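Asks: Would you mind keeping the following structure in view while I ask a few things?
The values are calculated or read from the model by the stated rules, or taken from the named source; none is laboratory data. Bear in mind that the values here come from a model prediction, so they are computed numbers and not experimental data. Positions of Cβ are backbone-derived with ideal geometry, glycine not excepted, and every protein chain shown enters the neighbour counts.
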Amino acid sequence: MADKEQLIDEIMNLLQEIEPDGLTFLKEQAAILIYNQDANRRNQSLAEKRKSDSTSPEAIDDDKPPSPVNVHIAPLKNGKYFNLCIRDSKLFMDTGEIKQLYRIASSSDSPEDGASRLYRWFKKERSDVLLDGAIRDNKSPLLKLIYRELLDMFTAS
């Protein structure tokens with residue numbers, strides 16, 4: 001714990017010399033770090049619970065998603081960030097990432113093509129989404145659900 005206190009003291013001393021824009025950036029980054037820590041704890045706890053629960057669908061067959069599979073994109077209050085919710089996992093994403101995903105989905109020729117393109121993007125940019133969402137390959141039905149959610153959420157009616 002002494003190491004943590006020492007780090008806090010060092011950070012507090014450095015903060016005195018940072019411009020207000022830099023402080024705003026640091027505040028946003030700290031909020032992201034805290035959110036990701038909490039999400040990782042919840043996801044780890046959920047994974048441990050699933051492993052210990054022999055009646056859960058994941059314990060019976062990891063290739064079959066539980067029914068019903070819940071995939072949705074939830075904007076956060078400030079409008080700059082989103083949660084990509086897959087099953088019980090909430091994956092924090094910024095506006096730029098969501099825009100990239102929408103461009104991929106909207107420029108795809110079919111749901112299958114969109115799913116494949118989304119998989120490649122996640123694999124390169126955000127492999128945590130594949131891991132936490134239990135998406136093993138580009139044929140996962142979850143990718144088509146993400147594709148559809150992106151188009152439904154951001155296409156004007």
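Asks: Filter the range 113-140 down to residues that are small (Gly, Ala, Ser) and under 14 Å from the mean Cα position of the chain (by Cα) and give me whichever is surrounded by the most Cβ atoms within 10 Å (Cβ to Cβ).
Replies: That would be Gly133.
Asks: Quick one: in the range 54-104, which of the residues that are closer than 21 Å to Ala39 by Cβ and small (Gly, Ala, Ser) is modelled with the lowest pLDDT?
Replies: Ser56
Asks: Among (1) within 17 Å of Asn36 (Cα to Cα); (2) at pLDDT 95 or above, which single condition is Arg120 missing?
Replies: Condition (1) is where Arg120 drops out.
Asks: Given the criteria over 20 Å from Ala74 (Cα atoms) and buried (at least 18 other Cβ atoms within 10 Å of the Cβ), does Ser110 qualify?
Replies: Criteria not met by Ser110.
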